[in-house]
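These notes concern the structure reproduced below.
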Amino acid sequence: MILVTGSAGHLGEALLRLLRAQGRPARGIDVKPSPFTDIVGSIADRETVRAAMLGVSAVLHCATLHKPHVATHSAQDFVDTNVSGTLALLEEAVRQGVGAFVFTSTTSTFGNAMRPRPDDPAVWIDEGVMPMPKNIYGATKLAAEHLCEMAAGQHRLPTIILRTSRFFPEDDDQAATRDAFSRDNIQLLELLYRRGDVADMASAHLAALERAREIGFGRYIVSATTPFTRDDLPELHRDAQAVILRHYPEAETLFAARGWRFLPRVDRVYDNGRARADLGWTPQHDFKSSLECLRLGTDFRSDLARAIGAKGYHDEVFADGPYPVDQERSHERC
């Protein structure tokens with residue numbers, strides 16, 4: 001039995017859809033009911049976690065409070081879910097003798113490390129970059145990573161941490177970005193450097209599950225495969241359009257036909273090379289495949305992404321964006 005936490009969310013639902021399609025026994029837990037939630041309850045509640053863990057051989061831990069909740073939830077809420085909840089899952093996994101634990105972390109742990117100065121090159125983000133969290137979300141996810149590493153070391157719990165890039169389909173939280181780009185325009189561009197399709201995020205988790213015992217402990221960035229190299233970094237931060245068109249000259253005509261724009265600059269590039277090498281993971285959706293979809297007039301998102309759709313982040317609908325943004329940090333983007 002595989003336990004999937006956060007089963008009502010984008011990634012949790014994706015994983016349960018895939019596991020059920022493969023005929024693999026899986027159990028979903030979430031604070032929200034859904035067609036993919038078997039246990040409605042919080043991972044911060046130890047008794048709920050203990051009951052959910054019965055008969056479980058592997059855990060895919062996706063449940064989290066994340067950036068959309070920073071302005072609507074307290075710092076203690078983040079600690080309760082992201083830190084205490086992860087600790088409860090790890091300890092009960094050890095108690096149950098679980099064979100593999102995969103933790104969904106985030107590239108937001110890198111935080112301020114992804115903010116080059118105006119005259120500096122864009123930043124190449126791989127597993128060697130030191131995290132510098134800039135909000136409670138990144139700080140608690142990094143703390144949870146440390147708990148995972150401790151469990152792997154002290155209790156020999158095979159554990160893989162996946163630092164995922166953006167994969168949700170909701171509109172961008174920044175008003176300036178929404179004003180400048182349509183949703184499809186910006187999300188396709190983000191596949192170049194900071195986004196992945198939820199189908200690839202899910203396949204990375206299943207690949208990590210298969211390799212966890214062999215690896216023991218590992219931490220990986222998972223995102224669409226970038227076409228950029230380190231040599232592109234200085235120009236990416238000055239004139240991203242020139243770099244994009246050098247790699248994909250056909251994009252100019254395809255974008256023009258839709259009235260789409262190119263990014264003026266790119267501040268960071270995520271490198272998924274270690275995940276592909278160590279996990280045997282091959283993401284299927286990237287900028288190149290998406291351009292082919294544009295040429296054919298089809299949706300560049302996966303069938304799985306379209307089936308899951310947008311979920312929103314709150315029961316409340318906000319007038320000024322998909323979720324409220326702390327005004328002191330409104331210029332920052334995770």
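Throughout, read-outs are computed from the coordinates displayed, never taken from laboratory work. Since the model is a prediction, treat every value here as computed from it, not as a measurement. Cβ sites come from the backbone with ideal geometry, for glycine too, and all protein chains shown count toward neighbours.
Select from the stretch 148-164 the residues that are outside any strand (DSSP E or B), surrounded by 19 or more Cβ atoms within 10 Å (Cβ to Cβ) and in contact (Cβ under 8 Å) with a residue 60 or more places away in the chain and list them in ascending order. Outline the logic, then answer.
First, the residues of the stretch 148-164 that are outside any strand (DSSP E or B): 148-158.
Checking the rest, the ones that are also surrounded by 19 or more Cβ atoms within 10 Å (Cβ to Cβ) come to 148, 151-152, 157-158.
Matches in the stretch 148-164: CYS148, ALA151, ALA152, LEU157.
Take MET132 and decide whether it is of a type outside the set (Ser, Thr, Tyr), free of Cβ contacts under 8 Å to residues at least 40 places away in the same chain and more than 27 Å from ILE308 (Cα to Cα).
When the stated conditions are applied, MET132 passes them.
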Which of the residues belonging to the stretch 1-24 are out of contact with any Leu (no Cβ under 8 Å at 6 or more places or on another chain), more than 20 Å from ARG301 (Cα to Cα) and not hydrophobic (A, V, I, L, M, F, W, C)? GLY6, ARG20, GLN22, GLY23, ARG24
Failed condition for GLY99, given (1) under 30 Å from ARG230 (Cα atoms); (2) of a type in the set (Gly, Ala, Ser); (3) over 20 Å from the mean Cα position of the chain (by Cα), with all others met? (1)
Within the stretch 217-237, can you find the residues that are assigned to a loop (DSSP other than H, G, I, E, B), in contact with a helix residue (DSSP H, G or I) (Cβ under 6 Å, 6 or more places away or on another chain) and buried (at least 19 other Cβ atoms within 10 Å of the Cβ)? none
How many residues of the stretch 271-285 are crowded, with 21+ Cβ neighbours inside 10 Å and out of contact with any helix residue (DSSP H, G or I) (no Cβ under 6 Å at 6 or more places or on another chain)? The answer is 3
